[in-house]
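In what follows, a structure is listed as structure tokens, so that the remarks can point back to it.
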Amino acid sequence: MKDKKRVYEALVDGAMEGLTDQALYDFVKARCPNATSKKIVRASLLALIDPHLRDRNILDVIYALAIKHRLDDGEGERTPSALAANQNMPQLS
């Protein structure tokens, strides 16, 4: 739980500094070298349900990072199950 809290704090701190996407991921990895994509996604979910965190921009950045890393595997490529799920998704216009 201690690691998840450190990852959560790094994630929120980076987002508050205006970091997004890969820069935010790199920031979290620099502060928490043992953080895996899975841990970052879980910490992101904690941020999304935190009632004290209300800044829409920060929540959007964290949400986008969580989605990206939830769909990516360790090599940065989409997993077959993620690709199959995306094929069933309607396209937004």
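Scanning the range 3-46 for residues that are within 16 Å of L71 (Cα to Cα) and of a type outside the set (V, I, T) yields D21, Q22, Y25, S37, K38, K39, R42, A43, S44, L45.
Can you work out which of the residues in the range 1-22 that are touching a residue at least 40 places away in the same chain (Cβ under 8 Å) and not in a helix (DSSP H, G or I) is surrounded by the most Cβ atoms within 10 Å (Cβ to Cβ)? Ranking the candidates gives L19 first. Considering every residue within the range 46-53, establish whether at least one is in a helix (DSSP H, G or I), open to solvent by less than 80 Å² (accessible area, probe 1.4 Å) and either among the hydroxyl-bearing types (S, T, Y) or modelled with pLDDT of 95 or more (or both). Looking through the range 46-53, none of the residues is in a helix (DSSP H, G or I), open to solvent by less than 80 Å² (accessible area, probe 1.4 Å) and either among the hydroxyl-bearing types (S, T, Y) or modelled with pLDDT of 95 or more (or both). If only residues of the range 23-42 that are closer than 12 Å to K4 by Cβ and modelled with pLDDT under 95 are counted, the one that is surrounded by the most Cβ atoms within 10 Å (Cβ to Cβ) is I40.
The values are calculated or read from the model by the stated rules, or taken from the named source; none is laboratory data. Model, not experiment: these values are computed from the prediction. Virtual Cβ from ideal backbone geometry, glycine too; neighbours counted across all protein chains shown. Surface accessibility is based on the protein's heavy atoms, side chains included, excluding ligands, DNA and RNA. Shrake-Rupley method; radii C 1.70, N 1.55, O 1.52, S 1.80 Å.
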